[in-house]
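Report on one structure; see the data block that follows.
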Amino acid sequence: MNVQTPTTTLADDLKAHTGRFTDKVFDWNAFPSNAGFEELARAQMRYIGAGGSPKVGDTSTMKPDHFTLSLIYKEPGHYAACHSHEIEESFLIIDGALIVGWEKDGEVVEVNLGPKDMILNVREIGHGFRVDGVEPVMMSISVDVGKPLPPVYHYHPKEHPTELARTFGAQPGKTMKFDRNGSHPLQQLMSKYVVRHHEQPTLWEDAGFTRKVYVGEGGIENDTCRKEMWGVPSRVGVKPFVRPVEDALMVLEGALIVGWEENGEIVETELGPRDLVKTPAGRKHWFRNVSAAPATVWSVIGQSGEDGVKYEAA
């Protein structure tokens, strides 16, 4: 007797590429290097890949291609020790205020980021972050490679005094505020990689929604991924489109329907706040907002350059 293996339906595939905030849990042990140091405690919720955590075998997360994406939760008074990566890593603030410091040769520049602000941490530059405010921080972290190498720590409290680790390695009197017009080389470097939401121009697509480009043409120049903040008004949608690489859409505010099509079959799912859909390369897909409120959507695309997509109103 021949036994047929059930095939995966398009609906099954879409479900497997959907990350539901309410289905996931925060992992307080995602970063073993923090063990034993309460002030380093943070929680990670993985959507795509491990995002710098060694837990690459987590079956609840989607397989990464060109980028990872996770949420990080950090409580007031806590910090992340200064470290560096071989590839770019972005921090997008969702809630709260976060201090991010860049270090070089014992000097540090610190920037305060608020909701919808972003920093792209460049390769091989030591960086850390700290919550000095009165409310916790929720942020989205994306590492711009599918499987990043472990971070290289520069000032960890295992090896350095807590006071030095908390200031990301700054010697006394060597901490500078972020200043786009500052004369210090580290200030000048950081100024190229900080995105203030209110400073980015709003681009209106003919299809009826807005884009603010954070990384890519019109934003931070980069050769890995494109990152944009979209505003989708009520009753606005686009016709199906196809990318040569994967993209991920995470709803920050409101609700959004994402649909897929393959061989004439159509499936859809609705996303709420902190839900995400990752669409593989070559898959025809679209989105629309059928709710009364506008939707704010964080978009990460697996290539930095133009991909030929032209959005048309549905």
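Say a paramagnetic label sat at a point 7 Å from the Cα of Glu268, along Cα to Cβ; which residues of the stretch 285-301 have their backbone N under 19 Å from it?
285-297
Looking at the chain, I'd like the Rg to Rh ratio, where Rg is from alpha-carbon atoms and Rh is Kirkwood's inverse mean 1/r.
0.99
Within the stretch 143-158, find all residues whose amide N lies under 16 Å from a label point positioned 7 Å from the Cα of Leu189 along Cα-to-beta-carbon.
152-155
Could you tell me the relative contact order of the stretch 24-197? Use alpha-carbon pairs under 8 Å, at least six residues apart, and round to a whole percent.
26 percent
Which of the trypsin sites (Lys or Arg not before Pro) across the stretch 253-314 are loop residues per DSSP, with 11 or fewer other Cβ within 10 Å?
Qualifying residues, ordered by number: Lys310.
When the helix-only estimate is applied to the chain (DSSP H runs of n ≥ 4, each -39,500 (n - 2.57), divided by the residue count), what is the mean residue ellipticity at 222 nm, nearest 500 deg cm²/dmol?
That comes out to -1500 deg cm²/dmol.
Test of understanding: express the Cα radius of gyration of the stretch 144-191 as a ratio to 2.2 N^0.38 Å, with N the residue count.
1.49
Relative contact order of the chain: what whole-number percent is it, with Cα pairs under 8 angstrom and at least 6 residues apart?
17 percent
Taking R0 as 25 Å, what FRET efficiency do you get between Glu75 and Thr175 from their Cβ-Cβ distance, rounded to the nearest 0.05?
Efficiency for this residue pair is about 0.65.
Loop-only check: which trypsin sites (Lys or Arg not before Pro) in the stretch 205-241 are DSSP coil with at most 14 other Cβ within 10 angstrom?
Sparse-neighbourhood loop trypsin sites (Lys or Arg not before Pro): Arg235.
Contact order normalised by length for the stretch 200-301, with contacts defined as Cα pairs under 8 Å and 6 or more residues apart; what percent is it?
Answer for the stretch 200-301 is 34 percent.
Give a quick list of GluC sites (Glu not before Pro) in the stretch 42-111 that DSSP marks as loop, anything other than H, G, I, E or B, with at most 14 other Cβ atoms within 10 Å.
Glu86
Here, each number is a calculation from the coordinates, and none is a lab measurement. Quantities reported herein were computed from a predicted structural model and do not represent experimental measurements. Because the Cβ atoms are built from the backbone with ideal geometry, glycine has one as well, and the counts that use them run over all protein chains shown.
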